[in-house]
Structure formats: C-alpha cells, structure tokens
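Below is one structure; the comments refer to it alone.
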Amino acid sequence: MVSGCFARCETRTTAAELVAGLLLEVDTRNCWTLAQALGHPGPHRLQHLLSRARFDHEEARKEITRLVIGRWRTSPRGRARP
C-alpha cells in the first residue's frame, strides 16, 4: 500500500486529500484551488507535501505503478490486449 511510504499520519492524510482533490471537477488544478475545494484554509499543507514532506518517493512510484497495472489488467479493456 502507498500509505506505507509515509512515516507520518499527517502526510498520509494530506496525500489522500491531494488525490481526492485531483479527481474533483474543478476548472484548474493547483494547490490554491484544490485546497479551497477540499475546505483547507490555504494551500500550505498541499504545498508542503509536494515540496518538503519526507516520504519514500521510489517506493510510492513502484506501488502506484503496481496498482495501475493491476487495475488495467483486470479491466475489460485490459483483458482484450495481449
């Protein structure tokens, strides 16, 4: 799970919020608009996650790749491909 890449629960929570925000129907996707849509008082938590938070980037990348490939393989469209 990607959550294991984050040492602090606050960082895990912010990462989950960022993903949820990226999936929202908003005109532009930047830290200000996502923070506003998520009900944050400002963009600082999202900016911290993207620029200064410590987490295992390589492990997160591997886990996300594994999840996406797994989802692709189990989708009807994925099964049709060789």
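May I ask you to list the residues in the stretch 2-51 that are in contact with a helix residue (DSSP H, G or I) (Cβ under 7 Å, 6 or more places away or on another chain) and touching a residue at least 40 places away in the same chain (Cβ under 8 Å)?
Passing the criteria: Val2, Cys5, Phe6, Thr11, Ala15.
Tell me whether the stretch 57-74 contains one or more residues that are under 14 Å from the mean Cα position of the chain (by Cα), modelled with pLDDT of 90 or more and surrounded by 14 or more Cβ atoms within 10 Å (Cβ to Cβ).
yes
Can you confirm whether the stretch 21-41 contains a residue that is within 19 Å of Met1 (Cβ to Cβ) and at pLDDT 90 or above?
Checked against the condition, which is being within 19 Å of Met1 (Cβ to Cβ) and at pLDDT 90 or above, the stretch 21-41 yields at least one hit.
Kindly indicate whether any position in the stretch 22-39 is assigned to a helix (DSSP H, G or I), exposed (fewer than 13 other Cβ atoms within 10 Å of the Cβ) and among the hydrophobic types (A, V, I, L, M, F, W, C). It would help to see each step written out before you state the result.
Filtering the stretch 22-39 down to residues assigned to a helix (DSSP H, G or I) leaves 22, 31-38.
With the extra rule that they be exposed (fewer than 13 other Cβ atoms within 10 Å of the Cβ), the set shrinks to 22.
If we keep only those that are among the hydrophobic types (A, V, I, L, M, F, W, C) as well, we get 22.
Yes, some residue in the stretch 22-39 is assigned to a helix (DSSP H, G or I), exposed (fewer than 13 other Cβ atoms within 10 Å of the Cβ) and among the hydrophobic types (A, V, I, L, M, F, W, C).
The values are calculated or read from the model by the stated rules, or taken from the named source; none is laboratory data. The shown structure was predicted, so the numbers you read here are calculated from the model rather than taken from an experiment. Positions of Cβ are generated from backbone atoms using ideal geometry, with glycine treated the same way; all protein chains shown enter the neighbour counts.
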